[in-house]
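The values are calculated or read from the model by the stated rules, or taken from the named source; none is laboratory data. The structure displayed is predicted, hence computed values, not measured ones. Heads up, the Cβs are rebuilt from the backbone with ideal geometry, glycines too, and the neighbour counts pull from every protein chain shown.
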Amino acid sequence: MNAATIALTPLDLCIGALLVVIAGLVSVSMGLKLERSLLLASVRTVIQLLLVGYVLRWIFDLQHWAGVLGLTLFMLYVAGRAAVKRSGRRYRSSIMDAFLTLSIVGYITLFLVTAVIIGSEPWYAPRYAIPILGMILGNSLNGISLSLDTMLEYFDERSDLVDADLALGATRWEAAQPVLQESIRKGMIPIINSMMVVGLVSLPGMMTGQIIAGNDPLQAVQYQIIVMFMIAAATSLGCIGTAYLGYRRLFDECHRLRRERITRIKSTGYTH
Amino acid sequence: MVVVEAQETKVPAHHLTGSQLTISAGNRPLLQGLDFHVTTGEIIGLWGVSGCGKSTLLRSIAGLQPLLKGSIELDTQIPDAIGWPTYRQMVRYIMQRPAFSSETVEHHLTHMFSFDSVTMTYGEARSTALSLMARAGLSTDQLHEKASNLSEGEQQRFNLIRGLLTEPCFLLLDEPTSSLDPESAEAVEAIILDGAARDQWGGLWVSHDRVQLERVCDRVIELAHFCLGGNT
């Protein structure tokens, strides 16, 4: 970006580590017994981010589509797993379905943003493609897992209502449609809420980053507007894809709900 | 057999046949090798103790869960050929404890008419609905109540009536009077038997109450003969 950025030295990082020590002291003095977790979390933060830094630098230097493809596929897989893990229930191919949905939605949105709007050359240029895909995934994930959770919970807990419609001669689509609609709606609420308050409650990470990197705040704002719209698009498409694929897996050709295909998983406590 | 009185519009008889049905709950087989044959005008009783798989059997015949073995034919056609939604219009499964959302009773009544497999409109069925409701002791004021607020007995009667509106030719009745007081039970029995006497429908009537089945059915099949043991 601009030369205005002040480079950090290893010494700066060591001083930064003192900030975590403060958190550790709080834990000790209050008897929270979080010291070990905090230490582990800090070490993981350092290692993971350094690793990401090196991988990114390597792929930026590589300037080859294969590098971008490999890394983005990995990101998509991790995001797919996370989407399923955050919901309280799953079905057999739910990770695969989430990966598929995220891939299609992710690449389409990415292409629209980098090729059509930003106009980076080539459209998959890693400097744009990777952070933008990261933002798409990181932000649409929440909505998608909410959608998935809503849908599976309903089909599991209220299968009697679905069965009642089917017994009255509803097709599987007619019986599932209100549920799918509600789950897509649930999944889209978070992004709409954050669009409502963006900039008022907190400054988005990317915008903050651009400002620190010395860019004109108005320039940063324009990017952020595109990012919000892009996340909204990705979330809505992601929720639709998730609901549709789930519907295809949970109903069979005989127009019946196969509730036994849903299994409960221990919630990791991200949502709810 | 019920003797059919001269009717202006005599519906041609339909047949519902189940052959060598084996059903299960999860992986546990419940009933094995069950055959039945019912025509319009007939009510056949399926008698069994609770937990022997009576409800599962009706659910399976309605195709809401897979049969482990065996086949079902409606007028020599399998449901796959008829199309399951259409089949379920003709073979109406009446649940013992029907599920209702918090929408109004009227919504539940009209919603069904938006389904592709329903050929008539609510307008055409409305007068039948109101007269059946009166017969079953339900008031029209209840149309505007939340369906989930109705008592169990009211829900059971309402569900039956709704199921009859689209002119099914068979009823799969799962303990249809289980939540009813004697008076409403009698009214419901009469509604079902009248339709059968007029050849509007035939039925499979599941119950644990042998006395009732002997009273309302043409034949009674004892499910114990097909039971694979193991109670729920």
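Just a few scattered comments:
- Exactly one residue out of A:L112, A:L133, A:L73, A:L100 is crowded, with 18+ Cβ neighbours inside 10 Å and in a helix (DSSP H, G or I): that is A:L133.
- Of the residues making up the range B:49-76, those that are part of a helix (DSSP H, G or I) and within 14 Å of another protein chain (Cβ to nearest Cβ) number 6.
- Within the range A:155-181, the residues that satisfy the criterion of being of a type in the set (A, V, I, L, M), within 14 Å of another protein chain (Cβ to nearest Cβ) and assigned to a helix (DSSP H, G or I) are A:L161, A:V162, A:A164, A:L166, A:A167, A:A175, A:A176, A:V179.
- Some residue of the range A:238-250 being under 30 Å from B:L64 (Cβ atoms), within 14 Å of chain B (Cβ to nearest Cβ) and surrounded by 13 or more Cβ atoms within 10 Å (Cβ to Cβ): yes
- Unique match (being within 21 Å of B:E42 (Cβ to Cβ), within 16 Å of the chain's Cα centre (by Cα) and part of a helix (DSSP H, G or I)) among B:L204, B:L193: B:L193
- If the condition is being among the β-branched types (V, I, T) and outside any loop (DSSP other than H, G, I, E, B), then the range A:1-47 contributes A:I15, A:V20, A:V21, A:I22, A:V26, A:V28, A:V43, A:T45, A:V46, A:I47.
- Qualifying helices (runs of 4 or more DSSP H) (wholly inside the range B:92-164; at least 2 residues being at the interface with chain A (Cβ under 10 Å from one of its Cβ atoms) and in contact (Cβ under 8 Å) with a residue 24 or more places away in the chain): B:152-164
- The conditions of being free of Cβ contacts under 8 Å to residues at least 12 places away in the same chain and within 16 Å of the chain's Cα centre (by Cα) are met by A:F74.
- Test result for A:G119, free of Cβ contacts under 8 Å to residues at least 40 places away in the same chain and either within 14 Å of chain B (Cβ to nearest Cβ) or farther than 28 Å from A:G70 by Cα (or both): no
- Some residue of the range A:182-190 being within 14 Å of chain B (Cβ to nearest Cβ) and over 18 Å from the mean Cα position of the chain (by Cα): yes
Here is a yes/no grid of residues against (1) surrounded by 15 or more Cβ atoms within 10 Å (Cβ to Cβ); (2) in contact with a Ser or Thr (Cβ under 9 Å, 6 or more places away or on another chain); (3) in a helix (DSSP H, G or I):
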site	(1), (2), (3)
A:L49	no, no, yes
A:W58	no, no, yes
A:G67	yes, no, yes
A:A82	yes, yes, yes
A:P122	no, yes, no
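Conditions tested, residue by residue: (1) surrounded by fewer than 18 Cβ atoms within 10 Å (Cβ to Cβ); (2) assigned by TED's automatic domain parsing to the domain that holds A:R256; (3) within 30 Å of A:L8 (Cβ to Cβ).
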{"residue": "A:L152", "(1), (2), (3)": "no, yes, no"}
{"residue": "A:A176", "(1), (2), (3)": "no, yes, no"}
{"residue": "A:E182", "(1), (2), (3)": "yes, yes, no"}
{"residue": "A:I192", "(1), (2), (3)": "yes, yes, no"}
{"residue": "A:V197", "(1), (2), (3)": "yes, yes, no"}
{"residue": "A:Q210", "(1), (2), (3)": "no, yes, yes"}
